[in-house]
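These notes concern the structure reproduced below.
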Amino acid sequence: MRFLRRNADEAAETTTAEDAPAEVTPADPSRTPGKGRPTPKRREAEGKRRGPVPPPPRTQREALKRARGSKVSKEERRAAAVERRQRMMAGEDKYLLPRDRGPVKAYIRDVVDSRRNLMGLFMPLAILVFVALLVPAPAIQQYATLLTTFMLLAMIVEGFVLGRLVNRRVRLKFPNDTTRGLSIGWYSFIRASQLRRLRVPKPRVSPGDKV
């Protein structure tokens, strides 16, 4: 009988322990509670902020329309082109063509622009010859041919003299420059053969100024 009583007492204690509420462990204030869900990836978070991705274009016209909408407007491109042109004409080295960049080329332009060159009449002379060939008068064509021949010979001589002059001045001002003399002379000839108002960049000096 004693064994039966012991078993009954143990069963009662077990039932009481199971029915008793479990002790709640106080939360640690230094620990951040979990969110209960996984942290979203960066790509997913950015997608939610930007909104849904638009569907791909169905036609070529729609694709071109989207591309035009994302580009710079025509007015802005035109304003940027005008600004680049103005800076290039002003002689800013960043906006010049590679052949015109550098202090040596700037000095050559100044030397050429400070002189009055006969070669500057090359373009008007070419127009004159073209007009004379259209006139059905042999005498006018003959005189135009003689004048053209004389002017061309004078321009060749002047170009040779100008090339040697510019080369000598460049060597004195830039003794460490390695630009070939032929390149300096040709650049001087091309600059001098253009009309003054059409030269790019614009002349910084006037004829007769000391450089």
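The values are calculated or read from the model by the stated rules, or taken from the named source; none is laboratory data. Just so it is clear, the model here is predicted, and its values are computed rather than measured. Positions of Cβ are backbone-derived with ideal geometry, glycine not excepted, and every protein chain shown enters the neighbour counts. Please note that ligands, DNA and RNA were not included when accessible areas were found on the heavy atoms of the full protein model with its side chains. Shrake-Rupley method; radii C 1.70, N 1.55, O 1.52, S 1.80 Å.
Just the number, please: Stokes-Einstein D of region 100-211 in µm²/s, Kirkwood Rh from C-alpha pairs, 25 °C, 0.890 mPa s. Once the numbers are plugged in, D ends up at 160 µm²/s. With 0.36 nm allotted per residue and the present C-alpha distance subtracted, the LEU146-LEU121 stretch has 7.4 nm of extension available. Solvent-accessible surface of region 114-211, averaged per residue with a 1.4 angstrom probe and all protein chains in place: 71 square angstrom.
Pick out, in residue order, every one of the trypsin sites (Lys or Arg not before Pro) in region 107-154 that is DSSP loop and has at most 13 other C-beta atoms within 10 Å; say none if there are none. Answer in residue order: ARG116.
Peptides 129-142, 83-96, ordered by how many other C-beta atoms sit within 10 Å of their residues on average, highest first, read 83-96, 129-142. Evaluated over the Cα positions of region 121-187, the convex hull gives a direction-averaged projected area, one quarter of its surface, of 5.0 nm².
A straight chain from VAL129 to GLU76 at 0.36 nm per residue would run longer than the Cα-Cα distance by 14.8 nm. For region 128-135, the Karplus equation 6.51 cos²θ - 1.76 cosθ + 1.60, evaluated at θ = phi - 60°, returns couplings of 4, 5, 4, 5, 5, 5, 7, 7 Hz by residue, with Gly and Pro reported as x. Annotation: for a label point projected 7 angstrom from Cα along Cα→Cβ of VAL157, residues of region 102-117 with backbone N closer than 19 Å are 116-117.
Rank ASN176, GLY159, ALA132 by how far each Cα sits towards the positive end of the charge dipole of region 115-211 (+1 on Lys, Arg Cβ; -1 on Asp, Glu Cβ) and give me just the farthest. The Cα lying farthest towards the positive end belongs to ASN176. Consider a paramagnetic label point 7 Å from the Cα of LEU165 along Cα→Cβ; state which residues of region 121-139 have an amide N under 16 Å from it. Hits in region 121-139 for LEU165 at 16 Å: 121.
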